[in-house]
Amino acid sequence: MDTILVINAGSSSLKFEVFAVADTLARQIKGKMEGIGTAPRLSIRNVGGDQLAQEDYPCELVADLPSAMRLVGQWLHGRIEGRLIAVGHRVVHGGPNHAGPVKVDDSLLRELEWYTPLAPLHQPNNLAPIKVLLERQPDLAQVACFDTAFHRGHDPMADHYAIPTRYFEEGVRRYGFHGLSYEYVAGRLAEVAPDVAGGRVIVAHLGSGASMCALREGRSVESTLGFTALDGLPMGTRCGQIDPGVLLYLLEQHGLSARQLQDLLYKESGLKGLSGISNDVRDLLDSEAAGATLALDHFVHRIGLNAGALAAALSGLDAFVFTAGIGENSPAMRERIARKLAWLGVSLDVERNNAGELLVSSDDSKVKVFVIPTDEELMIARHTFALIAAGGAEPAGTPQLYA
Ligand code: AMP
């Protein structure tokens, strides 16, 4: 039996999954090392949910991502049944040129390192496990799957900022992110509702990171995220869309350094900054504090405004899909957001929504509303398998071919 390992490396965690390659890709093992550099803890479960490992490590032993990768590799060694044919990695930024997954080699790694300034908090972490594996197992096939790739089919006009075009050529453009999630959801929608999947659809990926994507015939035509993962909707700790004049003000009047500004916008803003309480929607829903009300009202308001913009990009709307932590798990938030979208023809069925069914709109809703759990890791495994099966060449055409 052949297997594929999927790696999703964040700032302080390393998530991994093992898939068996059979008629379909079958998830076998799911694990994560959390608290890297602070309180490292490895937990691993099998597909039935049984705990295979739960272990705390001294901080010095798992001080960074490379050491976490080595420990995870040691644990997996001898436990992966069959032959490991490839490792698929989530990489946040593929730059302007990659509209699909790519097999990793030294020159690709150098190219991807070049994009680090465009995603300073994510890209170095995504690349760290790739480097470790390239050094230790140079013959093991590795595939980079990009969060930007799904959006590369946009009309370039839409990806410009209205600043001199030389900056666009340099790479300052609207890339869009959460692409692996949108690609998976677009594929699922085509399976469960082929009648609407070929139409005009907005997908709302509402998790600790949040964005929305406009799909026409299953392809991304617009997204609320832009040059970095800061734009668009307010998120758990990120600010979302902001007048650049505010940044100039903070630089000039408050004397903030670039680093301080980065921390403010990425880590201290969004729901956390507005509420002064928490970045977690569950805490805010449970709270009666004015800050919690303000943060949730603002979040819903901005989703409504952005949905209007995306509906304009699509010249109408046939379906709206909720996904990710908030979208999949919170009937209360879905209900509040749906009320904002009533003018577009959205009407929820209370019972279906409370039960979290696949279709949560009422029978007479002009716009069908779905809840579709995302699965970025399965998307990465599919891409990795497809690329290896194709001999490792970068696929021509659009990433939808691999959904
Ligand atoms: P994700 O990044 O997709 O894992 O989503 C994580 C976020 O989902 C958390 O920060 C919570 O704000 C939110 N979330 C998860 N479960 C619920 C729930 N039952 N109700 C409201 N929000 C939730």
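Table for the structure above
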{"item": "Residue match in the range 276-289 (condition: away from the ligand (no atom under 12 Å from the Cβ), in a helix (DSSP H, G or I) and among the charged types (D, E, K, R))", "result": "no"}
{"item": "Residue that is surrounded by the fewest Cβ atoms within 10 Å (Cβ to Cβ), among those in the range 80-116 that are in a loop (DSSP other than H, G, I, E, B) and among the aliphatic types (A, V, I, L, M)", "result": "Ile80"}
{"item": "Of all residues in the range 69-79 being open to solvent by less than 20 Å² (accessible area, probe 1.4 Å) and closer than 30 Å to Asp263 by Cα, the one that is nearest to the chain's Cα centre (by Cα)", "result": "Met69"}
{"item": "For Lys267: the one exception among (1) more than 16 Å from the ligand (Cβ to nearest atom); (2) at pLDDT below 95; (3) open to solvent by 80 Å² or more (accessible area, probe 1.4 Å)", "result": "(1)"}
{"item": "Flag for Val185 being closer than 29 Å to Arg334 by Cα and away from the ligand (no atom under 16 Å from the Cβ)", "result": "no"}
{"item": "Selection count, the range 342-390, where residues are open to solvent by 30 Å² or more (accessible area, probe 1.4 Å), closer than 24 Å to Leu317 by Cα, not in a helix (DSSP H, G or I) and not basic (Lys, Arg)", "result": "11"}
{"item": "Out of Ala309, Ala324, Ala332, sole residue that is hydrophobic (A, V, I, L, M, F, W, C), near the ligand (Cβ under 10 Å from one of its atoms) and under 15 Å from Ser211 (Cβ atoms)", "result": "Ala324"}
{"item": "Selection count where residues are more than 14 Å from Asn8 (Cβ to Cβ) and touching a residue at least 24 places away in the same chain (Cβ under 8 Å), scope the range 116-132", "result": "6"}
{"item": "Pair list, Cβ under 8 Å, 6 or more apart: the range 323-335 residue part of a helix (DSSP H, G or I) and open to solvent by 40 Å² or more (accessible area, probe 1.4 Å), other residue of a type in the set (Gly, Ala, Ser) and within 8 Å of the ligand (Cβ to nearest atom)", "result": "Gly325/Gly207; Gly325/Ser208"}
{"item": "The range 53-67: number of residues that are in contact (Cβ under 8 Å) with a residue 24 or more places away in the chain and either under 30 Å from Gly391 (Cα atoms) or part of a strand (DSSP E or B) (or both)", "result": "2"}
{"item": "Residues located in the range 215-264, provided they are open to solvent by 30 Å² or more (accessible area, probe 1.4 Å) and among the β-branched types (Val, Ile, Thr)", "result": "Val221, Thr237, Ile242, Val246"}
{"item": "Among the residues listed as Ile36, Ile44, Ile7, the single one being in contact with a helix residue (DSSP H, G or I) (Cβ under 9 Å, 6 or more places away or on another chain), modelled with pLDDT under 95 and not in a helix (DSSP H, G or I)", "result": "Ile36"}
{"item": "Checklist (1) surrounded by 15 or more Cβ atoms within 10 Å (Cβ to Cβ); (2) under 29 Å from Leu118 (Cα atoms) applied to Gly276, failing item", "result": "(1)"}
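The values are calculated or read from the model by the stated rules, or taken from the named source; none is laboratory data. Note that the coordinates shown come from a computational prediction; the quantities given were computed from them, not determined experimentally. Cβ: placed from backbone, ideal geometry, glycine included. Neighbour counts: every protein chain shown. Accessible surface areas use protein heavy atoms only, side chains included; no ligands, DNA or RNA. Shrake-Rupley method; radii C 1.70, N 1.55, O 1.52, S 1.80 Å.
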